[in-house]
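S.K.: Shown below is the structure under consideration.
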Amino acid sequence: MIKNPLLQSYWIESPTIGFGLGVTAYSRDDAFKLLGEAGFMLSPDNPDVSVVEGVGVSDLDTNHVVPNIGPLVFRGIWHPRANL
């Protein structure tokens, strides 16, 4: 499957949530919009929120995250799996 070149994968962590969030979106703002629509109210301007752009499967925790992800090639939240 060919990934849309306009999409970027993001890994987002915050002390207010107990796990990381994986999102594929058109931009950082789009990623936070998708998260907000899913009920994850995080501010991209909060210094406690960590955002890693361009994350791949090999960058993720193999024991917990990888077995529980959806596909990274589609726009949406892939951890927790919500884009299927």
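Read the figures in this text as sums done on the coordinates, not as results from a lab. Remember, predicted model here, so these are calculated numbers, not experimental data.
S.K.: I'd like to know how the chain sits against the 2.2 N^0.38 Å rule of thumb: what's its Cα Rg over that expected value?
M.R.: 0.99
S.K.: HN-Hα J couplings of region 10-25 from phi, Karplus 6.51/-1.76/1.60, θ = phi - 60°, integer Hz, Gly and Pro as x?
M.R.: Per residue, the Karplus-derived 3J(HN,Hα) values read 10, 10, 10, 10, 8, x, 7, 10, x, 8, x, 10, x, 9, 10, 8 Hz.
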